[in-house]
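Just below is one structure, and these are the notes that go with it.
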Amino acid sequence: MTMQYLTFNEQPTALLTRSWQRSQGFGLQPHFQADPDCLSPADLRQQQQRHRHLLSLVQKAMPLFEQWQQGRDCRLLFADADGTILLSTGDSRFSTRARRLALATGARWHEQTMGTNAIGTALSEQQEVSILGEQHYMQANHSISCSASPVFSPTGELLGVIDISSEAGKHSGDMLMTARLMALTMENALVSEQQDACWLLNLANDAAGLQQPWSALIALREDGRLLGANRRARQWLPRLDPAALLSQLRQGELTPWGDGMALLSRRSSPGRPRPVTPPSADHAALKLLNHGVPLLLQGETGTGKDHLVRRLHQQSQRAKGPLIAVNCGALPTDLIEAELFGHTAGAFTGSHKEGRPGYIRAAHQGILFLDEIGELPLPAQTRLLRVLQEKTVVPLGCHQPVPVDFCVIAASHKNLEVMVADGSFREDLYFRLNGYKHTLTPLREYTRADFEALTAQLLRELHGPDIRLAEGIMDKLHACPWPGNIRQLRQVLEVAGILADGRQIETHHLPELPVVNVTGQTAGQDLKTTTEQRIQQVLKACNGNISEAARQLNISRTTLYARLKKR
């Protein structure tokens, strides 16, 4: 077996140094007890259902774990892209210690709370890693050793991580290889399942390496257009023209290519629907974010702002840095500044005895996502503006500014322009945050094709590849106004799929849907009528005052004038 592609991408010392520095930056104390965030049983079931297909791929890759690690005192874990353990299995002799150390389903092992560890560090670095005994940042974890490998989608998106953990003195060097082989096997399955893929192109250094987990695998359309690739293939793509190569190959024949060999095969069975990018995904936003331009996301509740932020982070040049998401509306009123800017030990009554770095310093070398920015009080807005201008933060109880390097994404479902006009949001902060404004499309305005593609994607994420909609169900769903947008559609599909036992969703499986106009009008027409009626009511109540009406409707005066002009 060739081991050429089963080695570290770099010397572990550099990786460990970066991870320990991040752990220190999060304000973690090595001698304190490491307590991971844990999902409730209901939330865990929801996450497991959402990642049902990935978990099925882990099960299909289990023979590799059983072949290499059978009889050893170790556990196999799978965690999602947030570090939440969704599967924990393996030798029962290690299970008691594993539970005591929170190596169980529902526990979240990201670096922000657990410091350097194989799951969190593999996710942060997006590469395989072994963290052995005292290499863990938290002393409570020095008794275990862990090896982990990330799992990527066919487009390079980080999906999760495979981890093998054992007692520190019983960890074997081949556990990292096993984790990576399982991750590669899952990635190759995802590439092979790409919808619309007619050809699978396999590349390796020699004939013996073809169709192995570590060989390059590319999914192509009939015309040679690229659909997806595994991690090895993505290393070759910059110097590879798949369409040109396709024209040179014959199905089933081994063919020399460059310094290696190629094998072309026609895919015989249809794959799962290809993940689609909803209309809100904007490549311009990613390009500007990589140049340090602040992004402002506007859109109704449930339109997928948090999902877009995660995608931007994963695809950005700061993907190896943290993504710190802050819901400004959920911060305790009397602790907002301490939570955002941090504080020193004893800075105020009730402050943490060790001090805290705060969300902004935790985002160092990464991305700070300020959700519901419109809920931030004016005093905190003033301090935030200074931080954004000077790229330094002064913790409460301290007079020394601390340099901080981060990109900022802000989001709100409120109309910030209206808030600026009425004085509830600082104009200078608005312009500082609004380097580029991106408005997410409400679900009711999706085209039929986009709506169907999104529905198929959500069904696949929630219930796996075998779920189906009965005839007429898509029409019912598309006709709804969806005031809760994608979040509401996801909830409806989750409930329906569970009641249908993951098979075919019939009408009686659907929970109560948003009201559809009984006169037979489409949801869009019904919504338009309701909107016009609402505008008339508010205008009448405001005695025709456009500015006041716009404020109450939570839209700009320009938008209100435009709506009135169309009547």
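Figures for the structure shown
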| item | result |
| --- | --- |
| Conditions (1) of a type outside the set (D, E, K, R); (2) free of Cβ contacts under 8 Å to residues at least 24 places away in the same chain; (3) in contact with a Pro (Cβ under 9 Å, 6 or more places away or on another chain); number of the one not met by Ala449 | (3) |
| Filtered residues of the range 497-544 (kept if under 23 Å from Thr447 (Cα atoms), in a helix (DSSP H, G or I) and at pLDDT 70 or above) | Thr507 |
| Selection within the range 430-478 - among the polar types (S, T, N, Q) and within 30 Å of Val293 (Cβ to Cβ) | Asn434, Thr439, Thr441, Thr447, Gln457 |
| Any hit, the range 240-255, residues being in a loop (DSSP other than H, G, I, E, B), surrounded by fewer than 19 Cβ atoms within 10 Å (Cβ to Cβ) and modelled with pLDDT of 85 or more | yes |
| Selection from the range 11-67 of residues that are within 25 Å of the chain's Cα centre (by Cα), acidic (Asp, Glu) and assigned to a helix (DSSP H, G or I) | Asp43 |
| Residue that is on the phi < 0 side of the Ramachandran plot and at pLDDT 95 or above, where the choices are Asp163, Asp206, Asp174 | Asp163 |
| Count of the range 366-393 residues which are surrounded by 15 or more Cβ atoms within 10 Å (Cβ to Cβ) and touching a strand residue (DSSP E or B) at 6+ places or on another chain (Cβ under 7 Å) | 12 |
| Count of the range 407-457 residues which are buried (at least 19 other Cβ atoms within 10 Å of the Cβ) and in contact with a His (Cβ under 7 Å, 6 or more places away or on another chain) | 1 |
| Any hit, the range 317-330, residues being out of contact with any helix residue (DSSP H, G or I) (no Cβ under 7 Å at 6 or more places or on another chain) and either within 16 Å of Val402 (Cα to Cα) or modelled with pLDDT under 80 (or both) | yes |
| Val129, sole failed condition from (1) touching a residue at least 60 places away in the same chain (Cβ under 8 Å); (2) among the hydrophobic types (A, V, I, L, M, F, W, C); (3) surrounded by fewer than 24 Cβ atoms within 10 Å (Cβ to Cβ) | (3) |
| Leu513 being touching a residue at least 12 places away in the same chain (Cβ under 8 Å) and surrounded by 18 or more Cβ atoms within 10 Å (Cβ to Cβ) | no |
| Test: Leu184 is buried (at least 21 other Cβ atoms within 10 Å of the Cβ), closer than 22 Å to Gln67 by Cβ and touching a residue at least 40 places away in the same chain (Cβ under 8 Å) | yes |
| Contacts under 8 angstrom Cβ, first residue in the range 308-337 being within 18 Å of Ile360 (Cβ to Cβ), partner among the basic types (Lys, Arg) and modelled with pLDDT of 90 or more, 6 or more apart | Pro322/Arg22 |
| Top-ranked residue in the range 395-418 [being in contact with a Phe, Trp or Tyr (Cβ under 8 Å, 6 or more places away or on another chain) and modelled with pLDDT under 90; ranked as farthest from Gly374 (Cα to Cα)] | Gly397 |
| Test for Leu44: is it buried (at least 20 other Cβ atoms within 10 Å of the Cβ) and among the hydrophobic types (A, V, I, L, M, F, W, C) | no |
| Among (1) more than 18 Å from Asp80 (Cα to Cα); (2) out of contact with any Asp or Glu (no Cβ under 9 Å at 6 or more places or on another chain) - the single one Thr185 does not satisfy | (1) |
| Every residue from the range 89-104 that is touching a helix residue (DSSP H, G or I) at 6+ places or on another chain (Cβ under 9 Å) and either in a helix (DSSP H, G or I) or at pLDDT 90 or above (or both) | Phe94 |
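Every residue, every condition in (1) touching a Lys or Arg at 6+ places or on another chain (Cβ under 7 Å); (2) in the same structural domain as Gln127 (by TED's automatic domain parsing); (3) not aliphatic (A, V, I, L, M), yes or no:
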{"position": "His171", "(1), (2), (3)": "no, yes, yes"}
{"position": "Leu181", "(1), (2), (3)": "no, yes, no"}
{"position": "Leu203", "(1), (2), (3)": "no, no, no"}
{"position": "Leu220", "(1), (2), (3)": "no, no, no"}
{"position": "Leu240", "(1), (2), (3)": "no, no, no"}
{"position": "Gln251", "(1), (2), (3)": "yes, no, yes"}
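Yes or no, residue by residue, for (1) at pLDDT below 85; (2) not assigned by TED's automatic domain parsing to the domain that holds Gly115:
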| residue | (1), (2) |
| --- | --- |
| Met1 | yes, yes |
| Arg22 | no, no |
| Gly25 | no, no |
| Gln29 | no, no |
| Asp37 | yes, no |
| Arg45 | no, no |
| Arg52 | no, no |
| Phe78 | no, no |
| Ala81 | no, no |
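The values are calculated or read from the model by the stated rules, or taken from the named source; none is laboratory data. Since we're looking at a predicted model, the values are computed, not measured. As a convention, Cβ positions derive from the backbone with ideal geometry for all residues, glycine included, and neighbour counts pool all protein chains shown.
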